[in-house]
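For reference, the structure is listed below as structure tokens.
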Amino acid sequence: MQVSRRLAALFDRRKSRRRRAFLPATLVGDASVQAAHLLDVSESGALLHVERPPGVGLGVIIKVAGIDLLARVVWIEGDYIGVAFVHRLTTEGVAGLAAD
């Protein structure tokens, strides 16, 4: 995956350490349900790849690995979205989703 400089700059400003993940997920928005891939995760948010990004500011539910994560879309770059979780994940919760 090639990430733009803008995305790389966003990653550099993170307060929470991001960990790689590559998990199939379902993204549920106001009026849509679509397949997604969870690409990385931290205690405060995640990076996902989706075909039809919902709008910035919209609330979503990410269904992944048997759990539902409430989040808000904070940025969009092409088919990639960054979300902030409504409730922070624990370190153990992040580890359970991380690939590394």
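The values are calculated or read from the model by the stated rules, or taken from the named source; none is laboratory data. It should be emphasised that the depicted structure is a prediction, and the values quoted were computed from it without experimental measurement. Ideal geometry is used to build each Cβ from the backbone, glycine not excepted, and the neighbour counts take in all protein chains shown.
Restricting the search to region 68-96, which residues are part of a strand (DSSP E or B) and over 18 Å from residue 19 (Cα atoms)?
68, 70, 72, 73, 74, 75, 76, 77
Considering every residue within region 34-43, establish whether at least one is modelled with pLDDT under 95, polar (S, T, N, Q) and within 18 Å of residue 99 (Cβ to Cβ). Spell out how you get there, then give the answer.
Residues of region 34-43 modelled with pLDDT under 95: none.
Within region 34-43, not a single residue is modelled with pLDDT under 95, polar (S, T, N, Q) and within 18 Å of residue 99 (Cβ to Cβ).
Quick check: anything in region 87-95 at pLDDT 95 or above, among the basic types (Lys, Arg) and touching a Ser or Thr at 6+ places or on another chain (Cβ under 8 Å)?
Yes, some residue in region 87-95 is at pLDDT 95 or above, among the basic types (Lys, Arg) and touching a Ser or Thr at 6+ places or on another chain (Cβ under 8 Å).
Would you call residue 79 out of contact with any Asp or Glu (no Cβ under 6 Å at 6 or more places or on another chain), closer than 12 Å to residue 97 by Cβ, among the acidic types (Asp, Glu) and at pLDDT 95 or above?
No.
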